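The values are calculated or read from the model by the stated rules, or taken from the named source; none is laboratory data. Just so we're clear, the structure is a prediction, and the values are computed from it rather than from any experiment. Don't worry about glycine lacking a Cβ; one is built from the backbone with ideal geometry, like all the others, and counts go over all protein chains shown. With ligands, DNA and RNA removed, areas are computed over all heavy atoms of the protein, side chains included. Shrake-Rupley method; radii C 1.70, N 1.55, O 1.52, S 1.80 Å.
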Amino acid sequence: MIEVHLGDITRLHVDVIVNAANHRLLGGGGVDGAIHRAAGPELLEACRQIGGCPVGDVRATPGFRLPVRRIYHTVGPVWRGGNLGEPELLASCYRQCLNLARRENAHSIAFPAISCGVYDYPPELAVEIAVEQVQVHLDRDGGPRHVIFCCFEDNMAELYRMQLDACVRR
Ligand code: AR6
């Protein structure tokens, strides 16, 4: 099941929430800042011990004060025009998170719109990639059966809904 949810990702009761982090994993603004504030200072300490994460990859921590088992910190690409591997790197973020969720037996996972804020990825293009990766994953066996696209803005949620509708009709 794929769901589009409008609201704050830190309020969701799921197995895993995904954080749109940066390669240092030491917190920041946007959804990263919100997750660190809500999870508490133990999260920063855990991230410090991990020591960073390459673009397109993922690192996991406990949820600490959040009502989730795990937080997956993934690092999306900064949009620089689209010819520097941005689509592959963004797809890799989704794939790595979904593969890790499968290995960790997570049933539900919520994604923010990775790279669509400060990292400036064009939302229409990012949504296409996000939906495609999740659908490929849902067609395979095992792994999370409930995937939530959590959006902070209505227009972002609308893009996901339109993309999902288009896929159903295809
Ligand atoms: N819940 C759900 N979505 C949110 C929330 C929230 N609480 N807050 C913001 N968003 P961004 P990026 C949406 O900038 O582009 C950080 O400083 C937001 O509206 O958080 O991947 C990191 O440390 C947007 O649609 O992430 C990195 O340095 C989406 O989340 C850098 O920003 C992503 O926006 C990563 O940039």
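Dipole orientation for the chain: of the candidates Met1, Ile50, Ile71, Ile50 has the Cα lying most toward the positive pole (charges on Cβ; Lys, Arg +1; Asp, Glu -1). Taking every DSSP bridge with both residues inside the stretch 1-144, close to 40 percent are antiparallel. With a Förster radius of 22 Å applied to the C-beta separation of Glu104 and His146, the computed FRET efficiency comes to 0.95.
Taking label points 7 Å from Cα along the Cα-to-Cβ direction, Val118 and Gln135 give a separation of 3.2 nm. Average accessible surface for the chain: 49 Å² per residue, computed with a 1.4 Å probe over protein heavy atoms with every protein chain in place. Were the residues from His13 through Glu88 laid out at 0.36 nm apart, the gain over their Cα-Cα distance would be 24.0 nm.
Expressed as a whole percent, the accessible surface of the chain that belongs to carbon and sulfur atoms is 51, based on a 1.4 Å probe. Charged side chains reduced to their Cβ positions (Lys and Arg at +1, Asp and Glu at -1) give the stretch 63-105 a dipole of some 280 debye around its Cα centre. Dimensions of the chain along the principal axes, based on C-alpha atoms and rounded to the nearest Å, stand at 46, 34, 28, largest first. Charged side chains reduced to their Cβ positions (Lys and Arg at +1, Asp and Glu at -1) give the chain a dipole of some 520 debye around its Cα centre.
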